[in-house]
Each structure stands twice: as structure tokens, then as C-alpha cells.
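These notes concern the structure reproduced below.
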Amino acid sequence: MTAHDQMRAMLDQLMGTSRNGETNRYSTKFYDNKVCKSFLLGCCPHEILQSTVSR
């Protein structure tokens, strides 16, 4: 076992095998229809009108 392999094994033991990040962790993209575009801009009407009551 080379020094590189030993270091990799130690890092795997300490931080887990997915320490470099998961590339497919989030399946929702910012351009999907279920993403609130107004929220991305910082002015979501659902948050602004949350405390109002409609009767």
C-alpha cells in the first residue's frame, strides 16, 4: 500500500467516503417550475403576505 492509498484510507475513515461532496444530491434545479422565482429574488409574496388573513 502506497502512502497515497494510506492517506486516502485515513480520510475515508475520518470523513467518510463521500467527503468530496455528492454531485447528484439535489435533483431540483433553480429553473424548475416548483421553485419560487420571487423567493430567489428576495421578495416572495408568500412570505410578505403570510401574516394577513383572507375571509
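Some points to look at:
- Per residue, the solvent-accessible area of the chain (1.4 Å probe, heavy atoms of protein chains only, all protein chains present) comes to 103 Å².
- Once the Cα atoms are used to define both axes, helix 3-15 deviates from the longest principal axis of the chain by about 40 degrees.
- Taking 0.36 nm per residue of separation and subtracting the current Cα-Cα distance, fully stretching the chain between LEU49 and THR17 would add 7.1 nm.
- Share of carbon and sulfur in the accessible area of the chain stands at 55%, probe radius 1.4 Å.
- Cα gyration tensor category, rounded, prolate or oblate, for the chain with a/c compared to 1.5: prolate
The values are calculated or read from the model by the stated rules, or taken from the named source; none is laboratory data. Worth saying up front: this structure is predicted, and the values here are computed from it rather than measured. Remember, those area values only see protein heavy atoms, side chains included, never the ligands or the DNA or RNA. Shrake-Rupley method; radii C 1.70, N 1.55, O 1.52, S 1.80 Å.
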